[in-house]
1. Tyr65 passes all but one of (1) out of contact with any helix residue (DSSP H, G or I) (no Cβ under 7 Å at 6 or more places or on another chain); (2) not in a helix (DSSP H, G or I); (3) not acidic (Asp, Glu); which number fails?
2. Working carefully through the options Arg53, Arg42, Arg60, find the one that is assigned to a helix (DSSP H, G or I), among the basic types (Lys, Arg), more than 23 Å from Ile4 (Cα to Cα) and open to solvent by 50 Å² or more (accessible area, probe 1.4 Å).
3. Here are the criteria: (1) open to solvent by 90 Å² or more (accessible area, probe 1.4 Å); (2) touching a residue at least 24 places away in the same chain (Cβ under 8 Å). Tell me which single one Ile36 does not satisfy.
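The values are calculated or read from the model by the stated rules, or taken from the named source; none is laboratory data. Bear in mind that the values here come from a model prediction, so they are computed numbers and not experimental data. With ideal geometry, Cβ positions are generated from the backbone for all residues, glycine too; neighbour counts draw on all protein chains shown. These area figures cover heavy atoms from the full protein model, side chains too; ligands, DNA and RNA do not enter into them. Shrake-Rupley method; radii C 1.70, N 1.55, O 1.52, S 1.80 Å.
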Amino acid sequence: MKLIELSAEYNESALMCKRRIAELSRQLSDEPMCEIDRLRLRRRIAILTSMMRDTLAVSRYLENYYR
């Protein structure tokens, strides 16, 4: 597998994280829930956001490795 292909896979993973973050954010704003569940959902969103940023950074790094 070439680095550019690996970069594309990382980018796709980041997009999946982004989609899930949007889904959870909608759930947070639309569904009634207790404060503990809200905190848990916010934590999941924060973790996914961090994962998305890291995955995008690796994708960009691999994409530009030989430049």
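1. With (1) out of contact with any helix residue (DSSP H, G or I) (no Cβ under 7 Å at 6 or more places or on another chain); (2) not in a helix (DSSP H, G or I); (3) not acidic (Asp, Glu) applied to Tyr65, the lone miss is (1).
2. Arg42
3. Ile36 satisfies all of (1) open to solvent by 90 Å² or more (accessible area, probe 1.4 Å); (2) touching a residue at least 24 places away in the same chain (Cβ under 8 Å) except (2).
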